[in-house]
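Novice: Please find one structure pasted underneath; my questions will follow.
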């Protein structure tokens, strides 16, 4: 895989980007962010192949899941993470080594540490963000009701501007827009690396320009955080997703991983 600032095979950045399949030669320019979309409803044979590339620690984590579907989704997500990263690194998926930051954010260890990534999955949808020397965060959530109390969560994690914006909606529109705020906020705190240790209610992601604002106390003023830029991602029907990346003016490319899917219902 090339890491260069020259022209690449990326799709043109437009207001409505398409998800493209893996090109014959993949490059990751320094000014770009790649996001991969994958389906975790995988054929059993493909899943077993992915499992063989997992580390002993990852296999042990997989064994803790009570339900087979959850275990298979974990194996699929970790296995696909390795397969996709290996394309960029021209390496064997099973030989990649990961480390974890103070708040649990994973990173590539050793000689591959300049390639930054972040992964998220919900039900059978998986997203993986990748960049060169640029911190990234991604989040995807299923819109359907999964038993989580939206009102209670919104009260504790949304900023006052976000709550005011959300109050204009009802029913499913309200839930969808809550998830738009939540995925943008989750993508940001994952990119930052400090996760939920950050005061979520003092972070505002309601700006339509993709800017992040933080509440400065005790003055009570919102300050725009120019280090990061947010994008809402159009994935598949029934899901809401967002991306956060370090810096401004980077170019986004969307890719579809064409693995072997079982197409079983979730």
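The values are calculated or read from the model by the stated rules, or taken from the named source; none is laboratory data. Given the structure is predicted, the values throughout are model-derived calculations rather than measurements. Don't worry about glycine lacking a Cβ; one is built from the backbone with ideal geometry, like all the others, and counts go over all protein chains shown.
Novice: Among 87, 136, 140, which is under 24 Å from residue 30 (Cβ atoms) and touching a strand residue (DSSP E or B) at 6+ places or on another chain (Cβ under 6 Å)? Explain how you work it out, then say what you get.
Specialist: Working: 87 fails: touching a strand residue (DSSP E or B) at 6+ places or on another chain (Cβ under 6 Å); 140 fails: under 24 Å from residue 30 (Cβ atoms).
Step by step, each of 87, 136, 140 is checked, and only 136 is under 24 Å from residue 30 (Cβ atoms) and touching a strand residue (DSSP E or B) at 6+ places or on another chain (Cβ under 6 Å).
Novice: Here is a follow-up. Within segment 69-87, is there a residue that is assigned to a loop (DSSP other than H, G, I, E, B), more than 20 Å from residue 137 (Cα to Cα) and touching a helix residue (DSSP H, G or I) at 6+ places or on another chain (Cβ under 6 Å)?
Specialist: Taking segment 69-87 and keeping what is assigned to a loop (DSSP other than H, G, I, E, B), we get none.
The answer is no, given that none of the residues of segment 69-87 is assigned to a loop (DSSP other than H, G, I, E, B), more than 20 Å from residue 137 (Cα to Cα) and touching a helix residue (DSSP H, G or I) at 6+ places or on another chain (Cβ under 6 Å).
Novice: If you don't mind, there's one more thing I want to ask. Could you grab me the full set of residues in segment 220-231 that are surrounded by 15 or more Cβ atoms within 10 Å (Cβ to Cβ) and closer than 13 Å to residue 210 by Cα? First the steps, then the outcome.
Specialist: First, the residues of segment 220-231 that are surrounded by 15 or more Cβ atoms within 10 Å (Cβ to Cβ): 222, 225, 228-231.
Selection gives 225, 228, 229, 230, 231.
Novice: I'm told residue 10 meets every condition in (1) farther than 14 Å from residue 128 by Cβ; (2) crowded, with 18+ Cβ neighbours inside 10 Å; (3) modelled with pLDDT of 95 or more except one. Can you identify the failing condition by its number?
Specialist: Failing condition for residue 10: (3).
Novice: Of all residues being in a loop (DSSP other than H, G, I, E, B) and on the phi < 0 side of the Ramachandran plot in segment 203-215, which is surrounded by the most Cβ atoms within 10 Å (Cβ to Cβ)? Just the residue, please. Write out each step before concluding.
Specialist: Going residue by residue through segment 203-215, those that are in a loop (DSSP other than H, G, I, E, B) are 205-211.
Next, only the ones that are on the phi < 0 side of the Ramachandran plot stay: 205-209, 211.
Details: 205: 25, 206: 21, 207: 14, 208: 6, 209: 7, 211: 16.
Among residues in segment 203-215 that are in a loop (DSSP other than H, G, I, E, B) and on the phi < 0 side of the Ramachandran plot, the one surrounded by the most Cβ atoms within 10 Å (Cβ to Cβ) is 205.
Novice: Yes or no: residue 240 more than 21 Å from residue 28 (Cα to Cα), in contact (Cβ under 8 Å) with a residue 60 or more places away in the chain and either in a strand (DSSP E or B) or within 14 Å of the chain's Cα centre (by Cα) (or both)?
Specialist: Details: more than 21 Å from residue 28 (Cα to Cα): yes; in contact (Cβ under 8 Å) with a residue 60 or more places away in the chain: yes; either in a strand (DSSP E or B) or within 14 Å of the chain's Cα centre (by Cα) (or both): yes.
So residue 240 passes the test.
Novice: Which ones in segment 180-202 are touching a strand residue (DSSP E or B) at 6+ places or on another chain (Cβ under 6 Å) and either without any contact (Cβ under 8 Å) to a residue 24 or more places away in the chain or surrounded by fewer than 22 Cβ atoms within 10 Å (Cβ to Cβ) (or both)?
Specialist: 180, 202
Novice: Go through 91, 125, 154, 129 for me and flag whichever is out of contact with any helix residue (DSSP H, G or I) (no Cβ under 9 Å at 6 or more places or on another chain) and in contact (Cβ under 8 Å) with a residue 12 or more places away in the chain. Let's see the steps before the verdict.
Specialist: Values: 91 fails: out of contact with any helix residue (DSSP H, G or I) (no Cβ under 9 Å at 6 or more places or on another chain); 154 fails: out of contact with any helix residue (DSSP H, G or I) (no Cβ under 9 Å at 6 or more places or on another chain); 129 fails: out of contact with any helix residue (DSSP H, G or I) (no Cβ under 9 Å at 6 or more places or on another chain).
From the options 91, 125, 154, 129, the qualifying one is 125.
Novice: Is there a residue being closer than 30 Å to residue 248 by Cβ, crowded, with 19+ Cβ neighbours inside 10 Å and modelled with pLDDT of 95 or more anywhere in segment 39-60?
Specialist: Filtering segment 39-60 for residues closer than 30 Å to residue 248 by Cβ gives none.
No, the conditions are met nowhere in segment 39-60.
Novice: Please determine whether any residue of segment 171-179 is surrounded by fewer than 16 Cβ atoms within 10 Å (Cβ to Cβ), farther than 23 Å from residue 235 by Cα, out of contact with any strand residue (DSSP E or B) (no Cβ under 7 Å at 6 or more places or on another chain) and assigned by TED's automatic domain parsing to the domain that holds residue 204. Walk me through how you get there before you give the answer.
Specialist: Filtering segment 171-179 for residues surrounded by fewer than 16 Cβ atoms within 10 Å (Cβ to Cβ) gives 171-173, 176.
Still in the list and also farther than 23 Å from residue 235 by Cα: none.
Scanning segment 171-179, I find no residue that is surrounded by fewer than 16 Cβ atoms within 10 Å (Cβ to Cβ), farther than 23 Å from residue 235 by Cα, out of contact with any strand residue (DSSP E or B) (no Cβ under 7 Å at 6 or more places or on another chain) and assigned by TED's automatic domain parsing to the domain that holds residue 204, so the answer is no.
Novice: Could you list, in sequence order, the residues of segment 49-68 that are under 19 Å from residue 121 (Cα atoms) and in a helix (DSSP H, G or I)?
Specialist: 50, 51, 58, 59, 61, 62, 63, 68
Novice: Looking only at segment 121-164, which residues are assigned to a loop (DSSP other than H, G, I, E, B) and over 19 Å from residue 257 (Cα atoms)? Explain how you work it out, then say what you get.
Specialist: Of the residues in segment 121-164, the ones assigned to a loop (DSSP other than H, G, I, E, B) are 123-124, 133-135, 143-149, 158-159.
Scanning segment 121-164 gives 133, 134, 135, 143, 144, 145, 146, 147, 148, 149, 158, 159.
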